[in-house]
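Below you'll find the structure, written out as structure tokens, and then a few comments.
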Amino acid sequence: MKPRRFLYLSLALLASVWVLVPIYLLAISAFGGPETINAWPKGLLPARISTATLAFFFAVRGVWDAILNSILVAALTMAMSILLGAPAGYALARFVFPGKDGYRLLVLLTRAFPIAILALPLTVRFIEIGIYDTVFAVALVHTALALPFAILVSSSLFMGVPKELEEAAWTLGCSRFQAFREVVWPLARPGIAATMIFAFVVSWNEVFAASVLTLRERTLTAFLLTSLNESPLHFRFAGGLFLIVPALVFIFAVRRYLFSMWGIANR
Amino acid sequence: MARILVEDIKKTFGKFVALKSVTMEVADGEFTVLLGPSGCGKTTLLRIIAGLETADRGEVRIGERRVDHLPPRSRNIAMVFQNYAVFPHMTVFENITFGLRMQKRGSEEEIRRTARWAAELVHIESQLDKYTGQLSGGQRQRVAVARALAVRPQVLLMDEPLSNLDALLRLEMRAELKTILRECATTTIYVTHDQVEAMSLADRIAIMHGGEIEQYDTPLEIYRNPATLFCGGFIGSPPMNFLEAEAVAPGRWRIGDFELAGPAEGARLLLGIRPEDLEPAGEGEPALVGTVQVVEPLGSHLLATLRLDGRLLRFAGDADLPLRPGDTLRLRPRADRLRWFDPESERAVRS
Amino acid sequence: MTGERALPYLLLAPSLLFLALLFLWPLAEAFLVAFSGPGGQWSLVNFREMAEDLNFADAVRNTLLLVAVVVPIQLALALGLGVLLGSLDRGRDGFLYIWTIPLGISDLAAGILWLAMLSERGYLNSLLAALGLVEGPVLWLSYETPLALFLAVVVAEVWRATAIVLVILVAGMQLIPKEYYEAAEVFGAGAFQRFRRITLPLLKPSIQTALILRTILAFEVFAVVVVLGGRDLPVLAGEAFAWQYDYRNAGVASAYAVLILTVSLAATWLYLRLLRVREESLA
């Protein structure tokens, strides 16, 4: 191996270590049992593998409810952002119409809005209309976060299905809806699935809005955040790890769509 | 089988006028080629007939039925696209039967039989179970043709179907397409920018330029008697020569020192003459005299570019002519092949 | 197909309605709440209360400092990783996957993760002890060690959010045709010159996008800070949260939200001005 190649590979490995090692250390903190948490100085291997910490975490009152709420909110967010976003994405991909640029600009602008400016005023309104502290209310705000992405990404997915395929279907006897169902949808489906997973992760990870919009119906992030001061370290580590694991799986599942999701949608 | 009638079709995209006012009729069973450079409106016209584009005004009739208000699926047409547009998530069989299934035409057994017939027609019957992603470009184009023919359309529309194939395959497919379509005798409109393709396939060619049809006639008639300067320049390779001529007496015209007979009217005209309609002139005979600039031996014949009073003249002659750059060459146009054009209107003038 | 002229609008309508209800309306509401006094009249009382709070000056300073330190580091690191990725012969997909893992990790989880590293009996202290640099556990994340706390947040933010910059830049780099580099090499440009003369100018739109996005998000930094330092390191979003959640004062919380929006928009405008991309230079 040439020295230059060796240097590049070493640097790449170093960067990977920088990303992976903290995750590994959090994992052994969560799996090492109480001995590992209190050990000093700590080693790179856990004192022993134990599920005691995780068992303790899941036994804490409210954790299961919070997890369930997180999943519910994320599922609702996923459904709403794709149901609202995919039709809009299709319209942007296939039609030329007055107001298109304005709409696109509006969608891009929403990205500049800090979550604080959405969540805070909505708290007041949600109390008034009686949906404050519900899973649905949190999902609404999370959909607002995920929807602009869903619109832009699904529009780029639909643009990736050649228009001629759809036109060919029309000339062969399909109505617009049939052509969509038979041709466009099957080809865009994997990307749409990735977009839905993305919406799920956005919601699963969101902290600020979930914390201000709930009191008892905590999501997992809200639960962890608001109990930081009274919870022991190993509880936080277990919670942190539990937050990370689904994210790893999701990122792996959508890796093919990484660029259309975070790269292209940002243009 | 049906005739197609297009009347006074106009189409604009924003400020761009794609079609000015197009009227044409394609007879039942006829093969018409729309030929022209890119941007001339040929694809737009085809898409309007297909129903993929809406005209600003005008009528389209297929058979006796007016169809311009109908969606593509109700027009009884089929279309073959430039990039094939075969469905990548379906097998060849599913592609070919797609139209029949969507229109719920016939029993499962009948659909199967039609698919086999169409597949055999384009020699793709051994690939029926493959996904189209596994096929080559030529095979995909065969699938597209079979898929279009399987619905037994009244009208077949083809948009540059061969232009994505490499040169050799294009030649092969062209001949094959001609055989297949003759067998089916479906009324066909075929769009291309390739004049050789147009000449070889068409019953009639419509030459389009700037959103209008400049000439609509048989290939040979267009080649022999171009209606406009554009038609003469676009068809033929190399294109027709145009030389400025001045009237010296009624019916007598002069190009440089060369005098010849021509139309009785007018003061200035352009003489159109094809490179192969020029012949070497004998000594002492009146002739166009030029200096040879470039000699291109093409095997079957020889192509020479001459300079003649500051203008360029192309001459196609016998491959064995001993020509070199710098030689002086005397040429005589064949009298029966002279074509005259009005430089103002750019249209042909009858002599 | 004239009947279809309404179709795009029908398809857009639900999302448009939703965006209007959940963006434009709260935006108006936030301004209304922020700028109204106790009796509902127009007033700057919330902003006065915000500015007079002990934590306000610190929060503004800390947030701006964090943006000023974190964003350039992330940009430089992502550029470096992007170029590195392009120089690798094999394993690009694998490395890219690993480097983008933090994309899926919530800021709360990232904070907890670095808490495990940096707490008193954490791995950093263990490492330092093993190297003989410290005697026993040292407390880094406390109000008594503001600089260490600040650096901890910087490290956690760089770890967590460099990936988004990387993805945007790599997507941009993939759009630059290889021929440009080959042409430059033929004309004698070295690796650094190729980076400076080709990569950087052609990557400008991507850099602009990445900077805008990262800066806006950095102004909102919240959970990482809360996990690592509580309110020992006040930041704007953390203060907004505290006023809303702990003090139940929506007025001041909204004032903070308006402030965050204002600085975000100002930063966006600044980037658009400074990194102006001429349309005609985009081939």
Original post:
Here are C:LEU65, C:LEU103: which of them is farther than 21 Å from A:LEU9 by Cα, at pLDDT below 90 and in a helix (DSSP H, G or I)?
Top reply: C:LEU103
**OP:** Please find, within segment C:83-92, the residue that is surrounded by the fewest Cβ atoms within 10 Å (Cβ to Cβ) out of those that are facing another protein chain (nearest Cβ under 8 Å) and in a helix (DSSP H, G or I).
**Re:** C:SER87
**OP:** Please go through segment A:113-134 and pick out each residue that is outside any helix (DSSP H, G or I) and more than 7 Å from chain C (Cβ to nearest Cβ).
**Re:** A:GLY130, A:ILE131, A:TYR132, A:ASP133, A:THR134
Original post:
In segment B:107-118, is there at least one residue being part of a loop (DSSP other than H, G, I, E, B) and surrounded by fewer than 24 Cβ atoms within 10 Å (Cβ to Cβ)?
Top reply: yes
Subject >> Count - residues of segment A:158-175 that are open to solvent by 30 Å² or more (accessible area, probe 1.4 Å), more than 7 Å from every other protein chain (Cβ to nearest Cβ) and either assigned to a helix (DSSP H, G or I) or of a type in the set (S, T, N, Q) (or both) >> reply: 2
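Okay, residues lined up against (1) at pLDDT below 90; (2) within 14 Å of chain A (Cβ to nearest Cβ); (3) over 16 Å from C:ASN62 (Cα atoms):
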site: C:PRO137; (1), (2), (3): yes, yes, yes
site: C:ILE176; (1), (2), (3): yes, yes, yes
site: C:LEU200; (1), (2), (3): no, no, yes
site: C:LEU203; (1), (2), (3): no, yes, yes
site: C:ARG214; (1), (2), (3): no, yes, yes
site: C:VAL225; (1), (2), (3): no, yes, no
site: C:LEU228; (1), (2), (3): no, yes, no
**OP:** Report those helices (runs of 4 or more DSSP H) wholly inside segment A:198-256 carrying at least 1 residues which are hydroxyl-bearing (Ser, Thr, Tyr) and closer than 25 Å to C:PRO26 by Cα.
**Re:** A:208-213, A:220-226
Original post:
Based on what the data block shows, is C:LEU65 open to solvent by 50 Å² or more (accessible area, probe 1.4 Å) and not aromatic (Phe, Trp, Tyr)?
Top reply: yes
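Every residue, every condition in (1) closer than 30 Å to B:PRO37 by Cβ; (2) not assigned by TED's automatic domain parsing to the domain that holds B:LYS20, yes or no:
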site: B:GLN215; (1), (2): yes, no
site: B:TYR223; (1), (2): yes, no
site: B:PHE234; (1), (2): yes, yes
site: B:ALA247; (1), (2): no, yes
site: B:GLY251; (1), (2): no, yes
site: B:LEU260; (1), (2): no, yes
Original post:
Counting just the residues of segment A:27-61 that are among the hydroxyl-bearing types (Ser, Thr, Tyr) and outside any helix (DSSP H, G or I), which one comes out nearest to the chain's Cα centre (by Cα)?
Top reply: A:THR51
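For (1) assigned to a strand (DSSP E or B); (2) among the hydrophobic types (A, V, I, L, M, F, W, C); (3) buried (at least 17 other Cβ atoms within 10 Å of the Cβ); (4) without any contact (Cβ under 8 Å) to a residue 60 or more places away in the chain, each residue gets a yes or a no:
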site	(1), (2), (3), (4)
B:ASP8	yes, no, no, yes
B:GLU25	yes, no, no, yes
B:THR43	no, no, yes, no
B:LEU46	no, yes, yes, no
B:GLY58	yes, no, yes, yes
Subject >> Matching residues in segment C:230-247 - criterion: being facing chain A (nearest Cβ under 10 Å) and part of a loop (DSSP other than H, G, I, E, B) >> reply: C:GLY230
Original post:
If only one of C:GLU135, C:GLU157, C:GLU185 is open to solvent by 40 Å² or more (accessible area, probe 1.4 Å) and either in contact (Cβ under 8 Å) with a residue 40 or more places away in the chain or in a helix (DSSP H, G or I) (or both), which one is it?
Top reply: C:GLU185
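Residues are listed down the side, and each one gets a yes or a no for (1) acidic (Asp, Glu); (2) assigned to a strand (DSSP E or B); (3) without any contact (Cβ under 8 Å) to a residue 24 or more places away in the chain:
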residue	(1), (2), (3)
B:ALA245	no, yes, no
B:GLU259	yes, yes, no
B:LEU271	no, yes, no
B:GLU276	yes, no, no
B:GLU285	yes, no, no
B:VAL292	no, yes, no
Original post:
Can A:ALA194 be described as hydrophobic (A, V, I, L, M, F, W, C) and within 12 Å of chain C (Cβ to nearest Cβ)?
Top reply: no
**OP:** Would you check which residues across segment C:95-124 are free of Cβ contacts under 8 Å to residues at least 24 places away in the same chain and either more than 7 Å from chain A (Cβ to nearest Cβ) or open to solvent by 30 Å² or more (accessible area, probe 1.4 Å) (or both) and list them?
**Re:** C:TYR97, C:ILE98, C:GLU120, C:ARG121, C:GLY122, C:LEU124
**OP:** Could you pull out the residue among A:GLU182, A:GLU230, A:GLU217 that is open to solvent by 10 Å² or more (accessible area, probe 1.4 Å), closer than 19 Å to A:MET80 by Cβ and more than 9 Å from chain C (Cβ to nearest Cβ)?
**Re:** A:GLU217
Subject >> Matching residues, segment A:193-207, being within 25 Å of C:GLU239 (Cβ to Cβ) and either basic (Lys, Arg) or open to solvent by 10 Å² or more (accessible area, probe 1.4 Å) (or both) >> reply: A:VAL202, A:ASN205, A:GLU206
**OP:** Among what's in segment B:328-338 and is free of Cβ contacts under 8 Å to residues at least 60 places away in the same chain and open to solvent by less than 50 Å² (accessible area, probe 1.4 Å), pick the residue that is farthest from B:LEU271 (Cα to Cα).
**Re:** B:LEU329
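The values are calculated or read from the model by the stated rules, or taken from the named source; none is laboratory data. Just so you know, these numbers come straight off a predicted model, no measurement behind them. Counting neighbours? That spans all protein chains shown, and the Cβs are built from the backbone with ideal geometry, glycine included. Side chains included, ligands, DNA and RNA excluded: accessible areas come from the protein's heavy atoms. Shrake-Rupley method; radii C 1.70, N 1.55, O 1.52, S 1.80 Å.
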